[in-house]
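For reference, the structure is listed below as structure tokens.
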Amino acid sequence: MALVRILVDGYSLLHNWPELAPGAPRHSERARDELVQMLTQYHDVTGEPITIFFDGAGAPKNTPKNESSRAVEVLFSRAGQTADDLIERAAARFRDYGEVLVVTDDFAERDIVGGFGGSVASCANFIRMIGNALNDLSEDLKNHNRTEQNKFKRSK
């Protein structure tokens, strides 16, 4: 069954992915932008909608507003709530529509979501899933290009 949505704890994933935005602080705009770009590529391969949640309470005034696209939605928590609160609420609401996958290394969060039937993945496993999906796409493109080149060579 296809996933209804992937819910990602953004800072949890960033802290576990040092190869993404190397040298940039994990709470920086650059790191967040690279994460959004990578998850957009993953969406392009899988077609699964993704929501990334960031803790926004106490963030600097220049913290971006929530962003939405068909592929990836980016949400920041407000004062008095955490990204975990938003993830739990979203996972509970989506469960009536099908399977959701929550990506976090917060064990309490994984227990809560798993407790009401949601699927959970560690950040390391999700990073591997992304790498595998992008590698598969690359191989598919190489094979397609090779086939097209052979067709061109035969038609001469």
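The values are calculated or read from the model by the stated rules, or taken from the named source; none is laboratory data. As the structure is a computational prediction, the values presented were derived from the model and not from experiment. Using ideal geometry, Cβ is built from the backbone for each residue, glycine included, and neighbour counts are taken over all protein chains shown.
If only one of ALA121, ALA91, ALA133 is more than 24 Å from PRO22 (Cα to Cα), at pLDDT 90 or above and of a type in the set (A, V, I, L, M), which one is it? Selected residue: ALA91, the only one of ALA121, ALA91, ALA133 that is more than 24 Å from PRO22 (Cα to Cα), at pLDDT 90 or above and of a type in the set (A, V, I, L, M). Somewhere in region 100-107, is a residue of a type in the set (Val, Ile, Thr), over 16 Å from ARG32 (Cα atoms), out of contact with any Cys (no Cβ under 7 Å at 6 or more places or on another chain) and in a strand (DSSP E or B)? Checked against the condition, which is being of a type in the set (Val, Ile, Thr), over 16 Å from ARG32 (Cα atoms), out of contact with any Cys (no Cβ under 7 Å at 6 or more places or on another chain) and in a strand (DSSP E or B), region 100-107 yields at least one hit.
Taken as a whole, region 120-141 holds at least one residue that is under 23 Å from THR46 (Cβ atoms), among the aliphatic types (A, V, I, L, M) and in a strand (DSSP E or B). Of the candidates VAL45, VAL103, the single residue that is touching an Asp or Glu at 6+ places or on another chain (Cβ under 7 Å) and at pLDDT 85 or above is VAL103. Of everything listed in (1) more than 18 Å from the chain's Cα centre (by Cα); (2) touching a residue at least 12 places away in the same chain (Cβ under 8 Å); (3) surrounded by fewer than 15 Cβ atoms within 10 Å (Cβ to Cβ), the single unmet condition for GLU139 is (2).
The residue that is modelled with the lowest pLDDT, counting only those in region 9-33 that are farther than 15 Å from ARG128 by Cα, acidic (Asp, Glu) and more than 11 Å from the chain's Cα centre (by Cα), is GLU29. Of the listed requirements (1) modelled with pLDDT under 95; (2) surrounded by 17 or more Cβ atoms within 10 Å (Cβ to Cβ); (3) among the polar types (S, T, N, Q), THR51 misses just one: (1).
The listed residues are ASN62, ASN66, and the only one of them that is of a type in the set (S, T, N, Q), at negative phi, within 18 Å of the chain's Cα centre (by Cα) and modelled with pLDDT under 90 turns out to be ASN66.
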